[in-house]
Amino acid sequence: MRRLILALTLFLAVVACKTNPFTGKKTLNFYPNSQIFPMAFAQYDQFLTENNVVEGTTEAKMITNVGQRIATAAERWLDANGYPGYLKDYKWEYNLVKDETINAWCMPGGKIVFYTGILPICQDETGVAVVMGHEVAHALADHGAQRMSAGMLQQLGAVAGNVAIKDPQKRNTFNQAYGIGSTVGVMLPFSRSHETEADRIGIQIMAIAGYNPDEAAELWKRMKANASQAPPEFLSTHPSSDTRIQNLTAWAPLAKQEAAKFGVTSFK
């Protein structure tokens, strides 16, 4: 059993790789779009039925309009860089939900929600574009499927350890150490790397969409000012606000250079 689990883990890690077109890196992904997208779409539809979706307002229309511009910019970039048809299975949808939580999120396949609580932090359309670019980037990079894939490997590692260790006391010690070690040493850094990657892809596509990438760092300064006490970065799923501000400031000129390739030289 132990050898079977280890062999299966190695096989999955070798064969289940997909190239991220924005970074050129191989990514761990056991779930094809044909499997994960229908699940995500069903969960998204269920969420909408259980929450207060804002429709027809100026703010709701802005969320949709910004989302469409960002998705179009992403498609332009993908087409120009040798990935035509990359988005053929995506079904973009952008909804504003009445909720004071300062958050927005994206499900695989392009299903995005903004909470009304984040709009004062965004302040305007460009601020919304910063957040939207980040969320669209999560979808483009298959981060949801990658997290599920990493979770599967984490579970397989736990099973392998429990099968191999016969002594109950040692098995209990292993489970405690493995749980903490695999979370702090692997899963949390993995999540933070996704957030950083989404920031970098997002600032690029928002610039191609015509939004000023300099505003990305400004938004995160406002997020920092409105945030409660955060845990140390190594215990968080997200980079610290200071890290994100530093990164986004450094990447803004590069995003403008990329936008210029598409004839975009002035920004909102």
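The values are calculated or read from the model by the stated rules, or taken from the named source; none is laboratory data. In this text the structure is predicted, and so the values were computed from the model without any measurement. Note that each Cβ is placed from the backbone with ideal geometry, even for glycine, and that neighbours are counted across all protein chains shown. In case anyone asks, the SASA skips ligands and DNA or RNA and just uses the protein heavy atoms, side chains included. Shrake-Rupley method; radii C 1.70, N 1.55, O 1.52, S 1.80 Å.
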- Task: Of the DSSP beta bridges with both residues in the range 49-118, give the percent that are antiparallel, rounding to the nearest 5.
- Result: 55
- Query: Quick one: if you stick a label point 7 Å off each Cα along the C-beta vector at Asp99 and Lys25, how many nm between them?
  - Reply: 2.9
- Task: Could you order Cys106, Cys122 by accessible surface area, starting with the largest, using a probe radius of 1.4 Å?
- Result: Cys106, Cys122
- Sorted by packing (mean other beta-carbon atoms within 10 Å per residue), highest first, where do 47-57, 27-37, 75-85 land? 27-37, 75-85, 47-57
